[in-house]
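The values are calculated or read from the model by the stated rules, or taken from the named source; none is laboratory data. Every value quoted in this text rests on a predicted model; they were computed, and no experiment measured them. We place every Cβ from the backbone using ideal geometry, glycine too, and count neighbours over all the protein chains shown. We work out accessible area using only protein heavy atoms, side chains counted, and drop any ligands, DNA or RNA first. Shrake-Rupley method; radii C 1.70, N 1.55, O 1.52, S 1.80 Å.
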Amino acid sequence: MASARENDPVIVVGSGIAGGLLALAAAETGPVVMITKEALGDGSTRRAQGGIAAAIDGHDSVEAHIADTLAAGAGLCDHEAVTRICREGPDQVTALLARGVHFDRRDGRLRLAREGAHSAARVVHAGGDATGAHIVGALSTALRRDPRIELAEGERALEVIVRDGRVVGLRSEDADGRERTRAARAVALAAGGMGQLYTRTTNPLGATADGPALAARAGAALADLELVQFHPTALALGDGPLALVSEAVRGEGAILRDAAGHRFMPDEHPMAELGPRDVVARAIARHAAELGADVTLDLRHLDADAMRRRFPTVAALCAEHGLDLARDPIPVTPAAHYAIGGALTDMAGRTTLPGLFAVGECAATGAHGANRLASNGLLEAAVLAAGAAEALDEGLDDWPDGPVAHAAPVPAVAGGAPEAREAIQAAMWRGVGVERDAQGLAQAARDLAQINAGTDHPTDNLLLIARLAAAAAKMRTESRGAHFRRDHPKADPRQTRRIAWVGDEPLILPHAITRRPRVLAMEAA
Ligand SMILES: Cc1cc2nc3c(=O)[nH]c(=O)nc-3n(C[C@H](O)[C@H](O)[C@H](O)COP(=O)(O)OP(=O)(O)OC[C@H]3O[C@@H](n4cnc5c(N)ncnc54)[C@H](O)[C@@H]3O)c2cc1C
């Protein structure tokens, strides 16, 4: 393939909030191809309930949003990235309104919910608890209407093609198994999360770490892979991706009780049920293990009709299992929910490889530090999509710090038959889960090393990222944010820094890396 030309399209991989917003914005300045491996909009975005955090209320401030984000991030936040997402929050909400997302209102004003570890009510939502479905609905309509965007649904990205140190195209496979190679001016990975690394997850089946795996194989740096956020309250009923019982339910006053009926959270954290997600997740896991039965969420003291109206999605999910959200104790469990790590980027989504962008959950900007504040995920995705569109518009010639040698592409690992997926998930859940220790991590590394078969791509991607995540978790011999080590239960100030990967070589990064990821990565090496 010849090297990329100015009039080649930008290829966006994925059609959630990040891919959707980026494709629509990039189409203003040139041709766009959107490749998405399932139907348009099938990803985590569609499942988002709570909403988007933005300091809109007169009693709130951007400074308070920044302070809450930094506190949740436990010392690993990139301050510039945090400032950027919090400052841009109100504008991004306005932009989504302009794209046709009807956020909920009361008396003409946007309704704001309060969620865990937020010091103010600042989460805008749509359809009560159906925020993501409303966002995806509006974006998908706009994407289908835009003649400048070529949509390739049911097509899976397999490989980012690199020539002379920059991206020139993408190899993919359509629903009939036919391979296709397209030239590209730039490739933007918007491929979502990696919840399928774990047995219990709220993520859809397609959340198979394709974004970071494609980036790593092309030679771009990854970061923060040990930092996986577990949602404390997935519905502990049914198979497959677990339904989420949104944090907003606790925000409205729901109480967590152990099997003996004891309300335990006030003993665990001053903010009780609204404490940081990692604290709540660990407390639930511990109390469930101690009594050998699920913890339940109790809404019986709240206005039943108001609760069913406010949380129609959760109420319907409970009803599918014969439970009344407002009247029955609801069994809940922690589940892998959000990947803080991914391809290392700046706030324009630029990875360390010229021409390769990563936006949304598959990017690691440092905005979440060691623990994401609730509803900052959709916000970060929207901010990154806008930043990437701007960078594409400005042109790709002055990639930060210019082209320098990057890692040799990581070869596909010898592993990945579909049946290997369960073995990967079990090894990760046991050893690299809510609580970790040296012994469990060593066992996980041994288990993962033995998984070996075929070249099935999604599973192959899971295996590559699982091995790096287990290695990163072993390196971080402290507890911080979402990463909890039973054998090192305290934070170690000397480890207030991020762990990045170039190929399978770890790099220790200072945390202020937003503007110049490439050079700092090379210096750190
Ligand atoms: C149940 C649930 C509830 C949540 N609630 C909230 C919330 O209230 N607020 C909040 O801020 N965050 C929430 N989150 C997190 C947030 O929804 C996600 O981080 C965000 O939606 C990710 O958006 P995205 O565009 O990066 O990825 P996604 O929406 O996951 O989209 C990824 C896209 O990439 C495609 N794809 C993947 N691999 C390939 C490939 N190889 N080739 C082609 N296409 C590919 C997928 O098919 C999909 O279209 C929630 C997450 C879950 C799972």
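Couple of notes before you dig in:
- Number of the exception - residue 237 against (1) open to solvent by 10 Å² or more (accessible area, probe 1.4 Å); (2) touching a Pro at 6+ places or on another chain (Cβ under 9 Å); (3) within 12 Å of the ligand (Cβ to nearest atom): (3)
- Filtered residues of the range 302-322 (kept if open to solvent by 40 Å² or more (accessible area, probe 1.4 Å) and assigned to a loop (DSSP other than H, G, I, E, B)): 303, 321, 322
- Just one of the listed residues (134, 125, 102) is under 25 Å from residue 316 (Cα atoms) and surrounded by fewer than 16 Cβ atoms within 10 Å (Cβ to Cβ), and it is 102.
Yes/no per residue for (1) within 16 Å of the ligand (Cβ to nearest atom); (2) aliphatic (A, V, I, L, M):
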position: 43; (1), (2): yes, no
position: 48; (1), (2): yes, yes
position: 53; (1), (2): yes, yes
position: 56; (1), (2): yes, yes
position: 60; (1), (2): no, no
position: 68; (1), (2): yes, no
position: 71; (1), (2): no, yes
position: 74; (1), (2): no, yes
position: 79; (1), (2): no, no
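- The one condition in (1) within 14 Å of the ligand (Cβ to nearest atom); (2) open to solvent by 10 Å² or more (accessible area, probe 1.4 Å); (3) of a type in the set (Ser, Thr, Tyr) that residue 199 fails to fulfil: (1)
Residue by residue, here is whether (1) closer than 13 Å to residue 381 by Cβ; (2) touching a strand residue (DSSP E or B) at 6+ places or on another chain (Cβ under 6 Å); (3) buried (at least 20 other Cβ atoms within 10 Å of the Cβ) holds:
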site	(1), (2), (3)
13	no, yes, yes
17	yes, no, yes
28	no, no, no
31	no, no, no
63	no, no, no
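- Enumeration of residues in the range 471-525 that are open to solvent by 30 Å² or more (accessible area, probe 1.4 Å), in a strand (DSSP E or B) and modelled with pLDDT under 90: 502, 505, 506, 508
- Within the range 356-371, residues that are under 20 Å from residue 118 (Cβ atoms) have Cβ atoms under 6 Å from residues that are open to solvent by 10 Å² or more (accessible area, probe 1.4 Å) and part of a strand (DSSP E or B) in these pairs: 370/480, counting only partners at least 6 apart in sequence or on another chain.
- Residue in the range 441-449 that is basic (Lys, Arg) and touching a residue at least 24 places away in the same chain (Cβ under 8 Å) present: no
- Positions within the range 323-349 being of a type outside the set (Asp, Glu), open to solvent by 30 Å² or more (accessible area, probe 1.4 Å) and over 17 Å from the mean Cα position of the chain (by Cα), in sequence order: 323, 327, 329
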